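Structure first, then comments.
The values are calculated or read from the model by the stated rules, or taken from the named source; none is laboratory data. The structure presented is a predicted model; accordingly, all values stated were derived computationally and were not measured. Heads up, the Cβs are rebuilt from the backbone with ideal geometry, glycines too, and the neighbour counts pull from every protein chain shown.
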Amino acid sequence: MIVGLLGQKVGMTQIFEEDGTAVPVTVLRVGPCTVLQVKTPERDGYYAIQLGFDDKPRGKATKPERGHAKKHANAEPKRFIREIRQDGPVDWKEGDVLTVSLFEGISAVDVTGTSKGRGTAGTMKRWGFGGLPASHGVKRKHRSPGSIGATTDPGRVLKGKKMAGHMGNARVTVRNLKVVRVYPEENLLLVCGGVPGPNRGYVIVRQSKKLRSAPQAS
């Protein structure tokens, strides 16, 4: 069984260990999540659970959204719905409510979110280019990427060249973040380090892939 839940990024802060060490943490509001659908190989071709997080007002939900939530789980429509793939059958049933207490005893998690959109960015901001020299001989070209092509052969710009363009607003996964604290009463999960996306952005929190792929003790 792969433990995974949906949540929302609250923000960053720091906590202090008993020895006085300051630990930077990201606070995540994880769950409660409603199991909207359980997928099986016989019907869907694979094992997965479909989770819904954060109730959506019925007036803003479409008729298919309301019908799907009511038919399978007899629940309210949700704002954020994602699947957590499984490697085998699970004990959860449609309509069950999963909370952050599932992560008690888990040492590390993978967090997936949508990074902040930066619009169209130049090569210095997007790729960390150094720019052209800042001497008097360079006229209004200090942030230019420089040459982008080759000579007569091949006579074109190769695919994959790092150039200016759209930056951010992409799906990003940060792996193996240490779980620092779990607060079941407040549905809060504290992880060490940063998480992609803005505050109040939706995230997917899964048990770390490194832990899932580690050999099990006999």
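Do we have any residue at all in region 168-176 that's more than 30 Å from Gly7 (Cα to Cα), surrounded by 10 or more Cβ atoms within 10 Å (Cβ to Cβ) and of a type in the set (Lys, Arg)? No. How many residues are within 18 Å of the chain's Cα centre (by Cα), of a type outside the set (Ser, Thr, Tyr), in a strand (DSSP E or B) and modelled with pLDDT of 90 or more if we restrict to region 1-32? Count: 13.
Within this structure, Asp153 fails the test of being surrounded by 12 or more Cβ atoms within 10 Å (Cβ to Cβ) and at pLDDT below 90. What about Arg126, is it under 30 Å from Val205 (Cβ atoms) and out of contact with any Pro (no Cβ under 9 Å at 6 or more places or on another chain)? For Arg126, the condition - under 30 Å from Val205 (Cβ atoms) and out of contact with any Pro (no Cβ under 9 Å at 6 or more places or on another chain) - is met.
Looking only at residues of region 33-60 that are within 17 Å of the chain's Cα centre (by Cα) and touching a residue at least 40 places away in the same chain (Cβ under 8 Å), we find that the one that is surrounded by the fewest Cβ atoms within 10 Å (Cβ to Cβ) is Asp54.
Rundown of residues vs (1) over 21 Å from the mean Cα position of the chain (by Cα); (2) at pLDDT 95 or above; (3) hydrophobic (A, V, I, L, M, F, W, C); (4) on the phi < 0 side of the Ramachandran plot, yes/no style:
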{"position": "Gln86", "(1), (2), (3), (4)": "no, no, no, yes"}
{"position": "Glu94", "(1), (2), (3), (4)": "yes, no, no, yes"}
{"position": "Glu104", "(1), (2), (3), (4)": "no, no, no, yes"}
{"position": "Asp110", "(1), (2), (3), (4)": "no, no, no, yes"}
{"position": "Leu132", "(1), (2), (3), (4)": "yes, no, yes, yes"}
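Cβ separations smaller than 9 Å between residues 6+ apart or across chains give the following pairs from region 181-200 residues that are at positive phi and modelled with pLDDT of 90 or more to residues that are surrounded by fewer than 18 Cβ atoms within 10 Å (Cβ to Cβ) and of a type in the set (S, T, N, Q): Asn187/Thr99; Gly197/Thr114; Gly197/Ser115.
Remark: Arg79 matches the filter, which requires a residue to be farther than 22 Å from Tyr183 by Cβ and in a strand (DSSP E or B).
Are any residues in region 163-180 under 27 Å from Gly105 (Cβ atoms) and touching a Ser or Thr at 6+ places or on another chain (Cβ under 9 Å), and if so, which ones?
If the condition is that a residue be under 27 Å from Gly105 (Cβ atoms) and touching a Ser or Thr at 6+ places or on another chain (Cβ under 9 Å), then Val172, Thr173, Val174, Arg175, Asn176, Leu177, Lys178, Val179 are the ones that fit.
Which one of Thr112, Thr120 is surrounded by fewer than 13 Cβ atoms within 10 Å (Cβ to Cβ), of a type outside the set (A, V, I, L, M) and touching a strand residue (DSSP E or B) at 6+ places or on another chain (Cβ under 7 Å)?
Thr120
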